[in-house]
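Asks: Structure in structure tokens, see below.
The values are calculated or read from the model by the stated rules, or taken from the named source; none is laboratory data. The shown structure was predicted, so the numbers you read here are calculated from the model rather than taken from an experiment. With ideal geometry, Cβ positions are generated from the backbone for all residues, glycine too; neighbour counts draw on all protein chains shown. These area figures cover heavy atoms from the full protein model, side chains too; ligands, DNA and RNA do not enter into them. Shrake-Rupley method; radii C 1.70, N 1.55, O 1.52, S 1.80 Å.
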Amino acid sequence: LTHGDLELNHRPLSTELSLKASFQAKNNIFPTRGTASFNLVSNYRSGKLEANTDIKDLDLSWLSQLLPERYSSKLHGGTASVKFDVDQKSRDAKATFSGNVALVKAKVLLGPLAEEPLADLNAGYEFEGYFDPKAAIPAISLGRKNAAPQPTELPDLIDDETEQDAVQSPVPTRGALVFTTGKARIESVKADVLPAFYGIGKPLLRMPARFDLKIKLPETRLAALIEAVPAPIQGTLAGIRLDGSMSWDFAIQVPLDDARSMVWETNPVLKDFNVVHLPPTADVFKLTGEFAHTITDEFERTTNGRRETVEFSRRITIPAMKPIPAAWLIENTPLTVEQIDRDRRQRDWPHVPHSHEAPGIPSHILNSPQYWLTDHAANQAAKLPWKKRVAVAPKTKPSISDQFANFFGTNPNPQAEPAIVDTFDLPEPTVLTRGSSNSPNPYGPYQFVPLHHISPWLVRAIITTEDNSFFTHHGFNWLAIKESTHANLRAGRYVRGASTISMQLAKNLFLDRSKVLSRKLQEVFIVWLMEDVADIPKERLMEIYLNIIEFGPGVFGIHDASVHYFGKRPDELSLSEVIWLVSIVPSPKRHHAFYERGEITESWFRRMTRYMRVMHSRDRVSEQQYLFAIEDRPLFYKPETGAPLLQPRVAPPMITAPDHGISDINPDNAEKPFVPQFKLPEFSP
């Protein structure tokens with residue numbers, strides 16, 4: 001430090017304090033590494049305050065030598081310039097401020113944002129504003145025009161512990177810190193960024209009552225926007241090339257004591273948009289065709305009394321997309337035949353034949369939504385990936401509950417129940433057997449299961465617990481975002497996420513497990529590519545998701561999960577078994593302890609019954625199916641080494657009143673699940 005100056009003056013008669021400080025930074029190589037000066041004049045009787053700071057070209061690596069290690073480790077190079085002026089005429093008067101901050105070729109590590117330092121960063125912010133301690137909080141001014149659509153359906157299922165609110169202090173009603181001018185720059189990209197904080201009470205570090213933000217991005221080339229994003233933030237998207245330009249007007253108002261009431265307006269405009277290149281690590285277009293994917297994981301297990309870490313890796317192949325039968329989608333999702341018809345014709349997938357390509361189908365049927373309900377359309381779907389298992393007659397008389405399962409609980413479509421045969425032989429050409437505990441894949445080769453060959457209960461349950469509006473949103477559940485923001489602010493920590501199924505799929509397919517903001521930004525961008533650019537059908541996203549998600553240590557995909565826990569094929573799972581699987585999705589490794597223990601505890605089954613109750617309230621199970629399922633606690637199937645992985649499938653005989661003392665019970669009169677009311681064309685193509 002050279003040319004150092006420190007001057008403090010106290011004038012008691014005028015009740016004034018003044019402070020001046022300045023220095024110049026040098027070393028043996030460079031003549032200067034920046035200068036800094038600070039001036040303050042304060043009248044402690046009237047509250048008048050004048051202050052200004054002027055830092056020019058201060059070397060960040062030099063500055064790091066003066067700071068504690070927790071800060072110095074984040075500054076690796078570049079220069080910073082800061083100018084800041086404050087003027088307040090009296091203690092209760094409005095204080096005005098202005099200034100600018102600039103970084104030149106900075107190399108800084110921002111831990112919450114990215115794992116690697118941001119290098120060669122050129123950015124700046126020029127601003128003006130005011131602080132008024134007496135200002136009242138203005139009313140919410142944003143209208144609903146151009147606002148994000150407000151969901152009309154119920155929110156996702158939330159666990160009890162995330163609903164508890166922390167004890168809150170009274171919300172401040174006055175005080176405003178407002179930026180009236182804010183010109184931000186990163187590389188060549190410029191935008192107006194205007195934050196505002198209302199309800200700033202004492203102490204000043206307390207959370208304000210409301211946060212407002214306005215962003216105005218003028219029309220900017222997409223190539224320039226990409227170049228402005230540092231490589232560590234781009235991550236898996238590094239190398240992406242887009243043509244066209246974008247402008248964006250965005251405004252949001254967030255009451256921080258009740259973030260569920262936040263409102264926003266957004267108006268992004270893309271011109272001449274085109275995807276020139278996507279790196280293989282972010283190629284969402286591959287999801288419609290056959291592609292390979294590597295699942296990697298790490299978990300702890302006990303072998304011969306010793307705890308060991310297992311590194312899991314499995315290369316799988318996802319087959320090319322095939323259409324899901326429209327009748328199945330109508331029965332098990334919120335989609336209508338008109339929506340299915342509109343989306344498939346807009347995508348021109350699958351191909352709608354001409355009359356000469358589908359003899360026997362009238363042209364008016366081919367041109368109407370009814371085409372997707374014909375056998376001709378249904379035959380384009382993927383076939384059953386295994387030979388249908390035949391149910392075997394039980395050796396002993398089953399319980400009444402087991403018999404009810406045949407037409408109330410185990411199958412949303414009892415008519416499809418296989419015939420009872422007098423044999424215990426399974427029709428599979430080979431029987432999977434549990435191998436050594438060291439076997440990396442004890443369930444044999446990876447088995448991809450088409451969506452309509454998975455128990456329909458699973459789709460109904462997973463959207464209830466994970467993403468209630470999956471089939472209607474464009475990748476983001478705005479209601480869940482509001483609810484999670486509110487819960488996290490109330491708790492003062494992260495207690496709830498807002499990830500949709502699309503976001504979880506993007507994370508599982510394209511991203512690593514790092515917990516930094518840049519990974520979440522990449523996730524959001526990839527979801528936009530999947531849903532709006534590539535326009536991947538919702539049913540395809542759900543199909544891939546259910547075939548790759550984790551259900552336990554080394555257990556990925558619904559095929560391995562249903563075999564591992566219950567010794568069944570995915571199409572054989574009952575409602576209660578499906579509810580068990582979806583209940584462990586948030587933390588499958590931790591909840592695998594139930595399987596290791598050999599049973600589901602009473603408290604956990606109560607949680608499962610709450611999930612079923614919500615499904616019933618949303619018309620995803622009937623009254624009878626719900627009543628049976630809440631009495632049907634799943635039993636794990638844990639075969640010995642060398643035993644068949646699939647337990648024999650047992651179908652109970654018809655219930656008869658004389659044998660069991662039950663009257664007026666007949667499977668033909670049992671309530672059937674909801675069947676969509678569409679009329680099939682009267683012809684046989």
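Asks: Rounded to the nearest whole Å², what accessible area per residue is found for the range 39-102 with the 1.4 Å probe? Intermediate values should be presented prior to the final figure.
Replies: Working: 3680 Å² over 64 residues.
On a per-residue basis, the range 39-102 sits at 58 Å².
Asks: What do you get for GluC sites (Glu not before Pro) in the range 213-322 restricted to DSSP loop and a cutoff of at most 14 other Cβ within 10 Å of the site's Cβ?
Replies: Loop-located and lightly packed - Glu290.
Asks: With all protein chains present, calculate the accessible area of Thr288 using a 1.4 Å probe and round the result to the nearest 10 Å².
Replies: Its heavy atoms expose roughly 60 Å² to the probe.
Asks: Can I ask one more? Not counting ligands, DNA or RNA, and with a 1.4 Å probe, what is Arg206's accessible surface area in Å² rounded to the nearest 10?
Replies: 80
Asks: Excluding residues on the same chain fewer than 8 positions from Lys638, give the lysines whose Cα lies under 22 Å from its Cα.
Replies: Lys395, Lys568, Lys589
Asks: How much accessible area per residue does the range 185-262 have, in Å², with a 1.4 Å probe?
Replies: The answer is 50 Å² per residue.
Asks: Pull up all non-local amide H partners of Asn367: gap of 5 or more, or a different chain, and H-to-H distance under 5 Å with H placed in the peptide plane.
Replies: none
Asks: Per residue, how many Å² of accessible area does the range 433-559 show with a 1.4 Å probe?
Replies: Counting only protein heavy atoms, the per-residue value for the range 433-559 is 32 Å².
Asks: In whole Å, how far is the Cα centre of the range 498-519 from that of the range 246-310?
Replies: Cα centroid to Cα centroid, the span is 4 Å.
Asks: What's the extension gain from Asp5 to Phe312 if we count 0.36 nm per residue and subtract their Cα-Cα distance?
Replies: Between Asp5 and Phe312, full extension yields 104.3 nm more.
Asks: Of the accessible area of the range 519-568, with the probe set at 1.4 angstrom, what percent is carbon plus sulfur?
Replies: For the range 519-568, the apolar C and S fraction of the accessible surface comes to 57 percent.
Asks: Ok, one more. Between their Cα atoms, which of Lys107/Lys507; Lys286/Lys538; Lys183/Lys214 are more than 20 Å away from each other?
Replies: Lys107/Lys507
Asks: Ok, one more. Note down the nm distance, to one decimal, between modelled labels 7 Å out along Cα→Cβ at Arg185 and at Gln65.
Replies: Distance between label points: 3.0 nm.
Asks: Which residues in the range 528-542 have a backbone N closer than 19 Å to a point placed 7 Å from the Cα of Thr266 along the Cα-to-Cβ line?
Replies: It comes to 528-536, nothing else.
Asks: Run through the range 1-90 and list the chymotrypsin sites (Phe, Trp or Tyr not before Pro) located in a DSSP loop whose Cβ has at most 13 other Cβ atoms within 10 Å.
Replies: Passing both the DSSP loop test and the Cβ count: Tyr44.
Asks: Oh, and also: Rounded to a whole number of µm²/s, how large is the Stokes-Einstein D of the range 522-636 at 37 °C and 0.692 mPa s, given Rh as the Kirkwood radius over C-alpha pairs?
Replies: Rounded to a whole number, D works out at 211 µm²/s.
Asks: In whole angstrom, note down how far apart the Cα centers of the range 53-72 and the range 530-564 are.
Replies: 48
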